[in-house]
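The values are calculated or read from the model by the stated rules, or taken from the named source; none is laboratory data. If you're wondering where the values come from, they're calculated on a predicted model, not measured in any experiment. Virtual Cβ from ideal backbone geometry, glycine too; neighbours counted across all protein chains shown. Protein only, heavy atoms only, side chains kept; ligands, DNA and RNA dropped before computing areas. Shrake-Rupley method; radii C 1.70, N 1.55, O 1.52, S 1.80 Å.
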Amino acid sequence: MNKADPAHRAVLERGVNNWNEWRKKNPGVRPQFFETDLREVQLPGVDLSGADLRGAHLSNANLSGPNLYKADFYR
């Protein structure tokens, strides 16, 4: 069973620039946000390509201009 990775959430909470830099340094890691509460987070320009966002709560999240290539939003 898939689950969210708390380390990924911790990096994301440090801001979009920190997250995007982390993604550049870890290109082989698939971000795991399965069923994560991301309501009202501010993520303009965030790189969530390939992320597991299945069941994530994204209401009122600011996702303007993100990279969501191959992100999984099922459910």
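Can you tell me which of N67, N18, N60, N26 is of a type outside the set (D, E) and open to solvent by less than 50 Å² (accessible area, probe 1.4 Å)? Spell out the reasoning first.
Working: N67 fails: open to solvent by less than 50 Å² (accessible area, probe 1.4 Å); N18 fails: open to solvent by less than 50 Å² (accessible area, probe 1.4 Å); N60 fails: open to solvent by less than 50 Å² (accessible area, probe 1.4 Å).
It is N26.
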- Are there any pairs with C-beta distances below 7 angstrom linking a residue in the stretch 58-75 that is closer than 15 Å to G15 by Cα to a residue that is of a type in the set (V, I, T), with the two at least 6 apart or on different chains, and if so which? A61/V41; P66/V46
- Residue list for the stretch 39-57, restricted to those being touching a residue at least 24 places away in the same chain (Cβ under 8 Å), farther than 14 Å from Y74 by Cβ and buried (at least 16 other Cβ atoms within 10 Å of the Cβ): V41, L43, V46, D47
- When every residue in the stretch 5-15 that is without any contact (Cβ under 8 Å) to a residue 24 or more places away in the chain and outside any loop (DSSP other than H, G, I, E, B) is compared, the one surrounded by the most Cβ atoms within 10 Å (Cβ to Cβ) is V11
- Does N2 satisfy being modelled with pLDDT of 95 or more and either surrounded by fewer than 18 Cβ atoms within 10 Å (Cβ to Cβ) or farther than 16 Å from F73 by Cα (or both)? no
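So, G28, is that one among the small types (G, A, S) and more than 11 Å from the chain's Cα centre (by Cα) or not? I'd like the intermediate steps shown before the answer.
Numbers: among the small types (G, A, S): yes; more than 11 Å from the chain's Cα centre (by Cα): yes.
For G28, the condition - among the small types (G, A, S) and more than 11 Å from the chain's Cα centre (by Cα) - is met.
Would you check which residues across the stretch 35-52 are part of a loop (DSSP other than H, G, I, E, B) and more than 19 Å from R14 (Cα to Cα) and list them? Lay out the reasoning, then the answer.
Residues of the stretch 35-52 that are part of a loop (DSSP other than H, G, I, E, B), as a first pass: 35-36, 38-41, 43-46, 48-51.
E35, G50, listed by residue number.
Within the stretch 16-38, how many residues are over 20 Å from S59 (Cα atoms) and without any contact (Cβ under 8 Å) to a residue 24 or more places away in the chain?
At the first step, the residues of the stretch 16-38 found to be over 20 Å from S59 (Cα atoms) are 17-30.
Remaining after also requiring without any contact (Cβ under 8 Å) to a residue 24 or more places away in the chain: 17-18, 21-22, 24-30.
Number satisfying all stated conditions: 11.
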